[in-house]
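The values are calculated or read from the model by the stated rules, or taken from the named source; none is laboratory data. Here the structure is a predicted model, which means the values were calculated and not measured. Cβ: placed from backbone, ideal geometry, glycine included. Neighbour counts: every protein chain shown.
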Ligand SMILES: [Zn+2]
């Protein structure tokens, strides 16, 4: 039996660093789940992988943030893809 709790306050966040392709862009992947009951966090946003901005995994289980360090400029083409999901509010 799980004690009453607020999942958002019990969430544990996991950060994973990824580097896809032959560009210098790096991606920080964020996943989260409640430590008390195990419910996973599902992120909202455009699904896919885009060096131009944050996206989420196809199932929403990861938020993916492309980044560079302050002295770096993006050296790649617009690789990856993003699926824009519009609708709702
Ligand atoms: Zn919970």
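Data overview
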{"quantity": "The one condition in (1) more than 30 Å from residue 6 (Cα to Cα); (2) surrounded by 15 or more Cβ atoms within 10 Å (Cβ to Cβ); (3) at pLDDT 95 or above that residue 43 fails to fulfil", "calculated": "(1)"}
{"quantity": "Any hit, region 69-87, residues being modelled with pLDDT of 95 or more and part of a strand (DSSP E or B)", "calculated": "no"}
{"quantity": "Qualifying residue in region 34-44 (condition: within 10 Å of the ligand (Cβ to nearest atom), touching a helix residue (DSSP H, G or I) at 6+ places or on another chain (Cβ under 9 Å) and either under 30 Å from residue 75 (Cα atoms) or assigned to a strand (DSSP E or B) (or both))", "calculated": "yes"}
{"quantity": "Residue match in region 9-23 (condition: surrounded by 16 or more Cβ atoms within 10 Å (Cβ to Cβ), more than 16 Å from the ligand (Cβ to nearest atom) and modelled with pLDDT under 95)", "calculated": "yes"}
